[in-house]
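A.B. asks: The following block contains the structure, expressed as structure tokens.
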Amino acid sequence: MADRHDEARPDASSHSESKSGTRFTRRGFLKGAGASAVTAAVAPAILVSEAGTASAQEAEGVMSATISLDVNGQSHNVEVEARTTLADALRDRLEITGPKVVCDKGECGACTVEMDGKLVFSCMTLAMDAQGRKIETVEGMADGDNLHPIQEAFVEKDALMCGFCTPGFLMSSKSLLDANDNPTPEEVREGLSGNICRCGTYPHVFEAVMSAAEKMRKGG
Amino acid sequence: MQQKMKTVTITIQEDGEPREIEIQVPDTGEGGWGDLSKNTYINKPHTRVDAVDKVTGRAKYTADIKLPGLLYGRILRSAHPRARINRIDATRAMALPGVSVVVLPNDDPEVFSRECRFAGQEIAAVAATTPEVAEDALHAIDVDYEVLPFVVDEDAARDPDAAQVHSDRGNVGEPRVGEQGDIAAGFAQADVTLEATFRCQVQSHIALETHGNVCQWEGDKLTVWASTQGVFSVRGELAGHFGIPETNVRVITEFMGGGFGAKFGARKEGVICALLARKAGAPVKLMLTRKEEHLATGNRPSAVQHVKLGATSDGKLVAYERSNYGTPGVAGSANIPGAPYLYEIPNYRIEQTSVFTNAGPMAAQRAPGHPQAAFAMESMMDEMAEALGMDPIDIRQMNDPNEARRNMVAMGAEHIGWKTRRSATPNSGTGRIKTGMGVGSARWGGGGGRTQAECTINPDGSVQVKCGTQDIGTGTLTLVHMVAAEEFGLKMEDIDVGIGDTNYPYSGGSGGSTTAASVSPAIKGTTMLAKLELFKKIAPRFGVEPGELVASDGNVFVGSDPSKSMTWQQATAQLGDEPIFFHGQWLPGYSDSGVPGVHFVEVSVDTETGLVKVDRVVAVHNSGMILNPLTWASQVNGGVLMGIGYGMYENRIMDPATGYMVNANLEDYKLMGSTDIPEIEILRYDEPERGVIGIGEPATIPTPGAIANAIYNACGARIRDMPFTPDKVLSALAAVKEG
């Protein structure tokens, strides 16, 4: 029903697990961590900024740092604050704007990306926690000009209207079919239950995913 | 085989005055779109021309625009539902590194007020180098409020002793009355009279792309990227506000993440963005947050309807009385249609009022007023049918003056198996899960106009079409390609189309289900007449009249003798070096207004938990001549689902104690998700002779009423209060048991 189960969503609990095994959520991290804890958590990963000096914000107690993010197989240096989300780092700093910010609270799935092969809400993931991870966005889904079969199916079935939710639905669909190339209609619905579309394209999205699954099984 | 011509009357603007003139255009038959079976594009399903941009992440929405030196804007909003600002001080905010500018009430009293009338009202704004710093700056603006009494509940606000939302008028507006005949005499004729009260909640729009703009000034020229349903309405409002000519303002909307009625005009956040950019001397992006969307960008007003309906024993409706009110928040109207919805009733009286509350102002939302009216009327029709021992369909057919809708009801009933699969006795199933079937209907206007376009045919054969409409997700860009390609006998990708820009010819806002009916006739007329200009140059070479030529499949030839032919490029090469340029406008004869819509639904009700699930919807719709059946079906699906969301889940909840909206997010504000989607079957009722008619709105109207009727049919519980949540179903079931 209208309540969507967390189990069915992109993995919201484990996505911010840091390499050291410490679990952080965006909210918990900000609430629980004092300035020193922030420094301790991120210091090993801070790259020397190009200017080589602390930014003005750091002098005021707002710390920013240049980190490196691996997005769609390319390495990018980006200046972020400890609180900067992966979504904002991608969108505002790197102009990788496929992931959309709609709710900014992990409620809608529009910002969904893959991190080390697992789906995460990029609005609920700190940019600093994404260092050293392989991040895949919708921009990396096609092979050059050749669309991924799921993208092709979305086009063919008109599984998009305004298109703002589409990148998130595509990432969830890909994750779903990567794990199960022959889903039942119910499994498709469950697999997409972390994504919200307001235009109401769901029926065409379901058709597209089923059609893409068939195509992919045939070697696509 | 000379093309027949016909005379049409169009209105042109001359020195600012409208003037009617007659022009000659090719006569393309009834409905205007010719023999549909011969078409390549029109009336055939086609994927969106911008679909690849949308699936690859290449599509750049307003929220995605990045400019050199871009600043991020945020708006500070009233923390109280009713307060007066004694002092506001941005000293601390301005001292934060990265904060560029702050604008306060005194900077623009038209936008900001020191009188706060809802929690979320705009009181100041900032622009900073990063979104994070902009957020910090909001917290560093010190506001000294004098907190005042407030009211957020429409029933409480009707009390004469309630806190007054506005100082210059009462909370309850002037009643609007609609009447016909003599209701006393009508009710005296009635054999059965029923009375009931229906309640509809406030619904948020929730376009996924929030309201927002990117504004950039160069001197007194302003460029705006806007998430809007009407680029020209944004231009007009900003030019007016800043006292500059409209020619100095350019508004661009290339991709747009949904509107549903709340994105017309620059609105406050648009003006604030431009203010910040002007003061900062730098471009500013100001996208609202999800919370701000719920609080301040509009909503569908509530409706409380006391309805009295009288019928004779044979089912003829004879009298109707309705008194209704609702809250538009601090401003606007909560009125719903002012005559009995759908059915012909000789005697009626309707009195309705809007009740101001200290909550965010309403905005038009997908079929304003109609789903509310349809819910109450269609529920009453079922109650009356039961009281009279009639089939709910029979009483509808007897009282519905619209022949197309009667046919559509019959079509849907046949398809879903109304006579064969539906139990005529409510609550007849056994076991915990009970199933039922219900029907509801809609009427909508739509219609077209207010659109200009221009077309250039270049000597090399390339064709450009420009129209200042915008594609809000409905497929407008695709239909411009389709209409132009059909007219020139070219491929859709051969047409260079420009929309979403005030530098292009005027087109009205995308709303009211009018866009397809406005844009397609304008493109048809413009390309058709541009083509005729080309034919005038070619015809002498074949020794025929221009109207005897046909453009099809990349060739231009004589209709009666296709051997007399040249390629499109050979034809346009005859132009020498001067392109054909034609500025055209919407023409009558290619579109219509006024459509019915009918939804049948099947539900299952868990009688132990009260949980209702919509299992299946049969949606019967009529768009005259459907331009693109693929994108049309998407819109029907979307309308059906938005109606289910409104009927079943969505609800803006205001806390009467604090005056805040307590569910201003996408988790506690319940939206339907993928596991709630029923099977939807769409039936087309085509009337191609009427031309193009819009679909966005009729597709959402009937759903809640049909669900309410299906719930009753399933379990005998009549729910008159939306949304149909388990608590209400259980209460109604308990009442049924108690008898």
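A.B. asks: Would you point out which residue out of B:Ile12, B:Ile23, B:Ile42 is at pLDDT 95 or above and either in contact with a Lys or Arg (Cβ under 6 Å, 6 or more places away or on another chain) or not assigned by TED's automatic domain parsing to the domain that holds B:Lys285 (or both)?
C.D. replies: After ruling out the rest, the residue left standing is B:Ile42.
A.B. asks: Where residues in segment B:28-78 are among the acidic types (Asp, Glu) and farther than 30 Å from B:Ser593 by Cα, which of them is farthest from the other protein chains (Cβ to nearest Cβ)?
C.D. replies: Per the stated criteria, the residue is B:Asp53.
A.B. asks: Looking for something of a type in the set (Gly, Ala, Ser) and closer than 26 Å to B:Asp471 by Cβ - is there at least one such residue anywhere in segment A:128-138?
C.D. replies: No; the residues of segment A:128-138 include none that is of a type in the set (Gly, Ala, Ser) and closer than 26 Å to B:Asp471 by Cβ.
A.B. asks: Can you find a residue in segment A:182-194 that is free of Cβ contacts under 8 Å to residues at least 40 places away in the same chain, surrounded by fewer than 20 Cβ atoms within 10 Å (Cβ to Cβ), within 30 Å of B:Gln470 (Cα to Cα) and more than 10 Å from chain B (Cβ to nearest Cβ)?
C.D. replies: No, segment A:182-194 contains no residue that is free of Cβ contacts under 8 Å to residues at least 40 places away in the same chain, surrounded by fewer than 20 Cβ atoms within 10 Å (Cβ to Cβ), within 30 Å of B:Gln470 (Cα to Cα) and more than 10 Å from chain B (Cβ to nearest Cβ).
A.B. asks: Among strands (runs of 3 or more DSSP E) lying entirely in segment B:550-631, which contain 3 or more residues that are over 30 Å from B:Thr47 (Cα atoms)?
C.D. replies: Fully inside segment B:550-631 and qualifying: B:561-567, B:593-606.
A.B. asks: Please determine whether any residue of segment B:139-148 is touching a Ser or Thr at 6+ places or on another chain (Cβ under 8 Å) and among the small types (Gly, Ala, Ser).
C.D. replies: No, because not a single residue in segment B:139-148 is touching a Ser or Thr at 6+ places or on another chain (Cβ under 8 Å) and among the small types (Gly, Ala, Ser).
A.B. asks: Select from segment B:103-158 the residues that are of a type in the set (Val, Ile, Thr) and closer than 12 Å to B:Ala79 by Cβ and list them in ascending order.
C.D. replies: Answer for segment B:103-158, where residues must be of a type in the set (Val, Ile, Thr) and closer than 12 Å to B:Ala79 by Cβ: B:Ile123, B:Ile141, B:Val143, B:Val147.
A.B. asks: So which residues in segment B:174-222 are more than 26 Å from the chain's Cα centre (by Cα) and under 30 Å from B:Val284 (Cβ atoms), if there are any at all?
C.D. replies: Result: B:Gln216, B:Trp217, B:Glu218, B:Gly219, B:Asp220, B:Lys221, B:Leu222.
A.B. asks: Determine if segment B:541-558 includes at least one residue that is touching a helix residue (DSSP H, G or I) at 6+ places or on another chain (Cβ under 6 Å) and of a type in the set (Lys, Arg).
C.D. replies: Among the residues of segment B:541-558, not one is touching a helix residue (DSSP H, G or I) at 6+ places or on another chain (Cβ under 6 Å) and of a type in the set (Lys, Arg), which makes the answer no.
A.B. asks: So, one more: Working only within segment B:660-689, note down all residues that are surrounded by fewer than 22 Cβ atoms within 10 Å (Cβ to Cβ) and either among the polar types (S, T, N, Q) or more than 14 Å from chain A (Cβ to nearest Cβ) (or both).
C.D. replies: B:Tyr660, B:Val662, B:Asn663, B:Asn665, B:Thr675, B:Leu683, B:Arg684, B:Tyr685, B:Asp686, B:Glu687, B:Pro688, B:Glu689
A.B. asks: Then there is this: Restricting attention to segment B:671-706, which residues are assigned to a strand (DSSP E or B) and closer than 16 Å to B:Ala517 by Cα?
C.D. replies: Of everything in segment B:671-706, just one residue is assigned to a strand (DSSP E or B) and closer than 16 Å to B:Ala517 by Cα, namely B:Val692.
A.B. asks: Okay, moving on. Hey, among the residues in segment A:138-153 that are in a helix (DSSP H, G or I) and at the interface with another protein chain (Cβ under 7 Å from one of its Cβ atoms), which one's nearest to the chain's Cα centre (by Cα)?
C.D. replies: Ranking the candidates gives A:Val138 first.
A.B. asks: Across segment A:75-110, what is the number of residues that are more than 11 Å from chain B (Cβ to nearest Cβ) and buried (at least 24 other Cβ atoms within 10 Å of the Cβ)?
C.D. replies: The qualifying residues number 1.
A.B. asks: Only residues that are touching a Leu at 6+ places or on another chain (Cβ under 8 Å) and either modelled with pLDDT under 95 or under 30 Å from B:Pro18 (Cα atoms) (or both): list them for segment B:573-618, please.
C.D. replies: B:Ile580, B:Phe582, B:Gly584
A.B. asks: Could I ask something else about it? Kindly establish whether A:Leu177 is surrounded by 20 or more Cβ atoms within 10 Å (Cβ to Cβ), touching a residue at least 12 places away in the same chain (Cβ under 8 Å) and either closer than 23 Å to B:Glu254 by Cα or of a type in the set (Val, Ile, Thr) (or both).
C.D. replies: In short, no.
A.B. asks: On to the next question. Is it the case that segment B:642-650 has a residue that's within 30 Å of B:Val480 (Cβ to Cβ) and of a type outside the set (Gly, Ala, Ser)?
C.D. replies: yes
A.B. asks: Among the residues of segment A:154-177, count how many are in a loop (DSSP other than H, G, I, E, B) and facing chain B (nearest Cβ under 7 Å).
C.D. replies: 7
A.B. asks: Looking only at residues in segment B:632-653 that are in a helix (DSSP H, G or I) and in contact with a strand residue (DSSP E or B) (Cβ under 6 Å, 6 or more places away or on another chain), which one is surrounded by the fewest Cβ atoms within 10 Å (Cβ to Cβ)?
C.D. replies: Checking each candidate, the answer is B:Ala633.
A.B. asks: Follow-up. Quick test of your reading of the structure: B:Gly429 fulfils all but one of (1) at pLDDT below 95; (2) within 21 Å of B:Asp50 (Cα to Cα). Name the failing condition by number.
C.D. replies: (2)
A.B. asks: Considering only segment B:431-477, give the strands (runs of 3 or more DSSP E) lying wholly within it that have at least 3 residues that are crowded, with 23+ Cβ neighbours inside 10 Å.
C.D. replies: Once the strands (runs of 3 or more DSSP E) in segment B:431-477 are filtered for at least 3 residues that are crowded, with 23+ Cβ neighbours inside 10 Å, what remains is B:433-446, B:452-457.
A.B. asks: Now for a separate question. Go through segment B:304-334 and count every residue that is crowded, with 24+ Cβ neighbours inside 10 Å and assigned to a loop (DSSP other than H, G, I, E, B).
C.D. replies: 1
A.B. asks: Between a residue in segment B:28-45 that is surrounded by fewer than 19 Cβ atoms within 10 Å (Cβ to Cβ) and any residue that is of a type in the set (Asp, Glu), which pairs come within a Cβ distance under 7 Å, given they are 6 or more apart or on different chains?
C.D. replies: From segment B:28-45, the pairs are B:Glu30/B:Glu689; B:Asn39/B:Glu486; B:Thr40/B:Glu486.
A.B. asks: Test each condition in (1) within 21 Å of B:Val284 (Cβ to Cβ); (2) away from chain A (no Cβ under 14 Å); (3) part of a strand (DSSP E or B); (4) not β-branched (Val, Ile, Thr) for B:Ser100 and report the one that comes out false.
C.D. replies: Result: B:Ser100 fails condition (2) only.
A.B. asks: Only one of B:Val192, B:Val202 is surrounded by fewer than 21 Cβ atoms within 10 Å (Cβ to Cβ), within 30 Å of B:Gly705 (Cβ to Cβ) and outside the structural domain of B:Leu71 (by TED's automatic domain parsing). Can you tell me which?
C.D. replies: The unique qualifying residue is B:Val192.
A.B. asks: Restricting the search to segment B:140-154, which residues are under 16 Å from B:Asn171 (Cα atoms) and buried (at least 19 other Cβ atoms within 10 Å of the Cβ)?
C.D. replies: Listed by number, the residues that qualify are B:Phe150, B:Val151, B:Val152, B:Asp153, B:Glu154.
The values are calculated or read from the model by the stated rules, or taken from the named source; none is laboratory data. Nothing here was measured: the structure is a model prediction, and the numbers come from that model. Note that we place each Cβ from the backbone using ideal geometry, even for glycine, and neighbour counts take in every protein chain shown.
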